[in-house]
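Structure first, then comments.
Nothing in this text is a laboratory measurement; each read-out follows from the coordinates by a stated rule. Just so it is clear, the model here is predicted, and its values are computed rather than measured. Note that we place each Cβ from the backbone using ideal geometry, even for glycine, and neighbour counts take in every protein chain shown.
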Amino acid sequence: MLYGLRLLFLLIISLLLLGCNECYPGGFLSLTNYKIGNYILTPGGIKVYNNYTEVDLNLIDTKVDELEKCLGVEIHRSCFSVLIPDDWFVSSCSGEQMLPVAAPYKQCEDKGLYLEEKCRGLSRPTLECPCVCTYRVALQDDYFIVSPPNLKLFKVDLARLVTNVNNPWKDPNISKCVN
């Protein structure tokens, strides 16, 4: 009898602890595999793994605050980190800061960027293929938002984590918050 009560008590405590998990469910595909090193904190307490020396820590806090206000939900700053890699590049075709992570070429064609077959799947521009189809922000391990230092699409992947909506652009209540 005493054993059964202890087991029941442990079960109730476990359920309460699981129910109190304030982090996000995740389950997104990791598009990058960066090694994680030392971090610095933004003034708002967000961990930033910075392989690039010039990133505006206040801008990260501002973007999180803006998204939080627009979505009307609390964003738990301990449930994600930002990683600014050192291998990002500026596209000579779009002028955008890009990650060296090849995107499915169909996604780029849907946006009007048509690539020769030999250029599909490349993660960096070459002389033969100056325009490549890559990402401007990515998730790694359901925890890290990987972004170039301009953080242009940072709020998109943060919204993905917070709302668990894979494509925030398709939800009008979310898309208005990520622009």
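About its Cα centre, what dipole magnitude does the chain give when the only charges are +1 on Lys and Arg Cβ and -1 on Asp and Glu Cβ, stated in debye to the nearest 20?
Computed about the Cα centre, the dipole is about 300 debye.
Please list, in order, the residues from the stretch 25-49 whose amide nitrogen is less than 15 Å from a point placed 7 Å along the Cα→Cβ vector of Asp87. Within reach of a label on Asp87, which here means backbone N under 15 Å from a point 7 Å along Cα→Cβ, the stretch 25-49 contributes 31-37.
Lys and Arg at +1, Asp and Glu at -1: add these up for the other residues within a Cβ distance under 11 Å of His76 and post the number. Neighbour charge sum, excluding His76 itself: -2. Among Thr126, Thr32, the ranking by other beta carbons within 10 Å of each residue's beta carbon, starting with the fewest, stands as Thr126, Thr32.
Distance check, please: which entries in Lys47/Lys106; Lys63/Lys118; Lys111/Lys155; Lys106/Lys152; Lys47/Lys111 exceed 30 angstrom between their Cα atoms?
Violating the 30 Å limit, Cα to Cα: Lys47/Lys106; Lys63/Lys118; Lys47/Lys111.
Since only Asn38, Ser175, Val101 are under comparison, the one whose Cα sits farthest along the positive direction of the charge dipole of the chain, derived from C-beta charges on Lys, Arg, Asp and Glu, is Ser175.
Put in line by how crowded their Cβ is, counting other Cβ atoms within 10 Å and starting with the fewest, Trp169, Trp88 read Trp169, Trp88. In this label model, Asn150 and Val165 are separated by 2.5 nm, measuring between points 7 Å along each Cα→Cβ vector. Shown in residue order for the stretch 158-172 are the 3J(HN,Hα) couplings computed by the Karplus curve 6.51 cos²θ - 1.76 cosθ + 1.60 at θ = phi - 60°: 5, 5, 4, 5, 5, 9, 6, 9, 5, 10, x, 5, 8, 9, x Hz (x for Gly and Pro). Neighbour counts of C-beta atoms inside 10 Å place Ser78, Ser30 in the sequence Ser78, Ser30, starting with the fewest. Highest mobility in the GNM of the chain, judged by mean-square fluctuation with C-alpha springs under 10 Å and restricted to Lys35, Lys47, Lys69, is found for Lys35.
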